[in-house]
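Asker: Input: one structure, supplied below.
The values are calculated or read from the model by the stated rules, or taken from the named source; none is laboratory data. The model shown is predicted, which means the values in this text are computed figures rather than measured ones. Here the Cβ positions follow ideal geometry from the backbone for every residue, glycine too, while neighbour counts run over all protein chains shown. Just so you know, the surface numbers come from the protein's heavy atoms only, side chains and all, with ligands and any DNA or RNA stripped out. Shrake-Rupley method; radii C 1.70, N 1.55, O 1.52, S 1.80 Å.
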Amino acid sequence: MQDDLSRREGIALWRQIEQAITQDITEGRFQPGDRLPTEKQLADRFRVNRHTLRRAMEALEAHGLVRIEQGRGSFVQEHVLDYALSARTRFSEIVSAQNRIPGGKLIDSGLVPADADIAEALEVPVDTLCVMLRMVGEADGRPVLYSQNYFPAERFPNAARIYAETHSVTEMVKAHGVADYRRKLTRVTARMPTEDEAATLVQPRNRPVLVAEAVDADMTGTPIRYGYVRFASERVKLVFDPPKG
């Protein structure tokens with residue numbers, strides 16, 4: 001497909017290309033996260049040299065419509081999810097409240113003995129058996145977080161099976177008699193992803209992840225979950241609710 005640009009004086013060719021690709025994005029021909037055609041393909045489409053095309057792409061990037069990744073190409077910028085870290089953090093509710101479709105899947109599970117960090121967070125002896133759940137949370141079918149969680153096995157013996165059926169931590173703990181729970185601790189850091197994290201979140205290795213280490217507790221204050229969540233930093237903005245009182 002070729003697009004005819006006006007070669008007469010008036011609007012610069014690069015500006016016309018910027019407008020055409022902007023229209024492609026706003027009308028849904030390219031979806032958030034989609035890889036755009038290659039530089040050569042776009043240059044052929046508009047019948048311009050690569051210098052002219054690059055100027056158009058730089059303008060699109062400056063306006064936040066695309067992101068250009070060295071060695072990988074150009075991508076339509078994705079919608080950023082506002083993810084509230086508060087006393088009551090629920091993934092499905094956060095995603096649904098922003099008119100997006102929540103999803104999730106269990107990647108791996110198993111029984112593991114608590115090491116010193118897990119034991120301290122859950123307030124149990126070292127080597128206490130815990131159910132480990134490794135899962136991915138999605139918004140509109142795109143992964144936005146990758147988490148690894150530990151629950152005391154004695155209290156949550158069927159955690160893996162129930163989460164696999166419901167895709168909901170809230171429903172899983174309810175099935176074990178925990179009607180509600182609250183965030184007890186959150187620590188946030190940023191770092192570059194591991195190969196596994198980048199592949200799971202479908203992002204390049206040179207883009208950072210936000211890592212939230214968290215402890216949830218039941219309404220009596222007893223810890224029920226310790227875990228850490230890796231967020232795709234280009235798709236998620238962490239929002240901290242102010243403390244109450």
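Asker: Suppose we filter the range 73-105 for residues that are of a type in the set (A, V, I, L, M) and closer than 23 Å to ALA164 by Cβ; how many remain?
Answerer: The initial filter retains those residues of the range 73-105 that are of a type in the set (A, V, I, L, M), namely 76, 80-81, 84-85, 87, 94-95, 97, 101.
Okay, now just the ones that are also closer than 23 Å to ALA164 by Cβ, so 94-95, 101.
Residues flagged as of a type in the set (A, V, I, L, M) and closer than 23 Å to ALA164 by Cβ within the range 73-105 amount to 3.
Asker: For the list (1) among the acidic types (Asp, Glu); (2) crowded, with 18+ Cβ neighbours inside 10 Å; (3) assigned to a loop (DSSP other than H, G, I, E, B), I need the number of the one condition that GLU18 fails.
Answerer: The number of the failed condition is (3).
Asker: Listed residues LEU60, LEU36, LEU85, LEU106; which is at pLDDT 90 or above, under 30 Å from ASP241 (Cβ atoms) and under 26 Å from the mean Cα position of the chain (by Cα)?
Answerer: Answer to the selection: LEU106.
Asker: Return the total of residues in the range 71-85 being closer than 24 Å to ALA212 by Cα, touching a strand residue (DSSP E or B) at 6+ places or on another chain (Cβ under 6 Å), crowded, with 16+ Cβ neighbours inside 10 Å and of a type outside the set (A, V, I, L, M).
Answerer: Number satisfying all stated conditions: 2.
Asker: Taking the range 125-171 on its own, how many of its residues are out of contact with any helix residue (DSSP H, G or I) (no Cβ under 8 Å at 6 or more places or on another chain), open to solvent by 40 Å² or more (accessible area, probe 1.4 Å) and not charged (D, E, K, R)?
Answerer: 5
Asker: Return the residue satisfying two criteria in turn: it lies in the range 191-212 and is open to solvent by 50 Å² or more (accessible area, probe 1.4 Å) and in contact with a Ser or Thr (Cβ under 7 Å, 6 or more places away or on another chain), and of such residues it is nearest to ALA87 (Cα to Cα).
Answerer: Once the filter is applied, the top-ranked residue is PRO208.
Asker: Name every residue in the range 197-232 that is β-branched (Val, Ile, Thr) and part of a strand (DSSP E or B), in order of residue number.
Answerer: VAL209, VAL211, VAL215, ILE224, VAL229, listed by residue number.
Asker: Can you run down the residue pairs with Cβ atoms below 6 Å, 6 or more apart or on separate chains, where the first is in the range 60-75 and at positive phi and the partner is outside any strand (DSSP E or B)?
Answerer: GLY64/GLN77
Asker: Please go through the range 24-49 and give me each residue that is more than 20 Å from VAL202 (Cβ to Cβ), outside any loop (DSSP other than H, G, I, E, B) and open to solvent by 30 Å² or more (accessible area, probe 1.4 Å), ordered by number.
Answerer: Those that are more than 20 Å from VAL202 (Cβ to Cβ), outside any loop (DSSP other than H, G, I, E, B) and open to solvent by 30 Å² or more (accessible area, probe 1.4 Å): THR26, GLU39, LYS40, GLN41, ASP44.
Asker: Among the residues that make up the range 50-63, is at least one of them over 27 Å from GLY141 (Cα atoms), of a type in the set (Val, Ile, Thr) and part of a helix (DSSP H, G or I)?
Answerer: Among the residues of the range 50-63, at least one is over 27 Å from GLY141 (Cα atoms), of a type in the set (Val, Ile, Thr) and part of a helix (DSSP H, G or I), which makes the answer yes.
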